[in-house]
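Quick note: the coordinates plus some simple rules give every number you see, no bench work behind them. Computed from a predicted model, the values in this text were never measured in an experiment. Neighbour counts are summed over all protein chains in view; Cβ atoms, including those assigned to glycine, are modelled from backbone coordinates with ideal geometry.
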């Protein structure tokens, strides 16, 4: 049984049952849970490499508590409920703690917290007047700091609660740990709390070491830039860094800590309340949380705790809950313990935002522009109070960098309303059957070959008739900046495609009145009394009118990758018909300003797709084949010749399109983005970020009147 757990450490109780490991009695289940939890505790506390999430561990622990409550005679010293951690590693010298370093029982909601209060009230009625202090439950590594005559002399991990590991050299590199106390922040002669509680000869303080979220992200960014492996989460990174044999490696990690408990003191007296203790620790120079609050009644403490579920990101570090403590430390001490858990405090756990689950498969979605986006299909799991079955995998490069494989046990995260995403695989949970993932060679929607261009993250399906893209393609084709077919909304488009009447954008021009009538719904009517026939007639008229749109509009509407309105105008200026554009070479295309090698390759590829050529044939057949007139415009004599102007905001008289046409009519180029090559920014009301960029680059800013002056109007 133990061997199977080691090989398949993430097996659930149900899975073990399916493997015929469990016998038909509760004691067998109990023994199995003990072995499983002790194994996971060892991976968490000793190896700093957990393969299940805290939520999963807590649920298994809750089950073993339930069984022990029903059968107290089963409890043995090796039960996870009787231990604070796991045996210390053999790599470090051992340190026996002066008092046990224990953990806390959990409450999963206000009802559990209230039940805790009722239990301790029955044991000691003084609890109702003891007050309560609420502090963050930091997801880090517990450390125990020893001071003699005010000097830091030793530091250790929690270990199994009785014996920890001596990591003094590593802890000395953590800048937030005072090497001498008081540190001089307060004058011991005048500070009231230091006068009331002079420094003991021997003081042992407990704190939680961690890496703040911002610093963790920055650390991973630097590692990624250096081509090195990134870390999964701040907790494991901090724990692993503090348990390095080389303190120099520890010093390179942005570790800090917060202190919250006096473990032991000799030669003096310490504060009698938790609230006063936090103030005393701060006065001595220890870092202490600013989020702690004191309350007279437990209801207020619980209410304050609940507010942090949605606000936990404000802390700046990972916290999986808040701790509610009796303020009166004497009463808390006299309440004693239940197993390893002190009765005087409870950990109010938040819904987990990071959990592990199985990655069943990697799916691929196809967007309007043909971009293929991978996503994770997961075994359903609760994250942040929501059941999650799918999560984003960002892109194929991300999958390769993290070595995410179908069948992996993966760590997923969901913060607030953010879409859940896969952080990475738990590689130690692999059984050897998982194989590296390769991006698809064929589009999952249409079966045509996909393309990937060098130095680009995205993979593309460039088939214009791809069924996954057709709805969005048609929506783009008829939009105002393209063919401008008003009245052809997304709902009508969906109906037309669903009925098979429209299979590509060219089919819009062969629609009949009856086709449109069958696709019109009540929502498409401007008023209830508007007859469907009028909607159909107006739509057919708009379709006919769109045939007169200029070439640059049609090029934009065709949706070639990387070709926007500005590029389309440049292409139309160089190639006055689609016949000429379709015959352009890669080298010729790259001579056009703004058309780089990747966009040029994408244009060339678009015209070599059989499905796209079929669309062009159909458009030509129905008369949608605009041609630009080739004119000698005498550009050298036009006032804006050689200038690039960018418009931002709303101009008094000219619409955005009119402003572009005005600039081009006077020999200039209407750009989309501001750069050092921009000659002028034309500024209207409510400008966007282009205005800020123009100021930063020193680009001259003019208004519509200034534009007209430049043009001599």
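Numbers for the structure displayed
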quantity	calculated
In degrees, nearest ten, helix 110-123 long axis to first principal axis of the chain (Cα)	10
Globularity index of segment 354-429, i.e. its alpha-carbon radius of gyration over 2.2 N^0.38 Å	1.05
Rounded to 10°, Cα long-axis angle of helix 274-284 versus longest principal axis of the chain	80
For segment 299-338 and segment 426-477, distance of Cα centres in Å	47
Calculated FRET efficiency for the pair residue 692/residue 27, C-beta based, R₀ 60 Å, to 0.05	0.30
Residues 317, 398 arranged by fewest to most Cβ contacts within 10 Å	398, 317
Efficiency of FRET from Cβ geometry, residue 310 and residue 123, R₀ 22 Å, rounded to 0.05	0.05
Rounded if a/c under 1.5, otherwise prolate or oblate - segment 551-621, Cα gyration tensor axes	prolate
Cα-based Rg and Dmax for segment 443-509, where Dmax is the largest Cα-Cα distance (Å)	13.6, 40
Convex hull per residue volume in Å³, alpha carbons only, for segment 585-713	163
Per-bin percent of Cα-Cα distances, segment 489-604 [10 Å]	12, 35, 23, 20, 9, 1
Burial ranking of peptide ranges 191-201, 164-174, 327-337 (average Cβ count within 10 Å, highest at the top)	164-174, 327-337, 191-201
Highest-first arrangement of 487-499, 274-286, 443-455, where packing means the average Cβ count within 10 Å	274-286, 487-499, 443-455
Difference of contour (0.36 nm per residue) and Cα-Cα distance, residue 656 to residue 151	174.8 nm
On Cα atoms only, tilt of 467-477 relative to the major axis of the chain in degrees	60
For 308, 74, order by how many other beta-carbon atoms lie within 10 Å, fewest first	74, 308
For peptides 567-576, 243-252, sequence by mean Cβ density within 10 Å, most packed first	567-576, 243-252
Alpha-carbon gyration tensor eigenvalues x 5, square-rooted, for the chain, Å	64, 32, 25
Relative pair counts by distance (%), Cα atoms of segment 94-349, 10 Å bins	7, 29, 35, 23, 6, 1, 0
Three semi-axes of the equivalent ellipsoid, segment 649-713, Cα gyration tensor, whole Å, largest first	18, 13, 11
Helical contribution to [θ] at 222 nm, DSSP H n ≥ 4, -39,500 (n - 2.57), averaged over the chain, rounded to 500	-10000 deg cm²/dmol
Long-range tail of P(r) for segment 221-351 (Cα pairs > 25 Å, %)	42
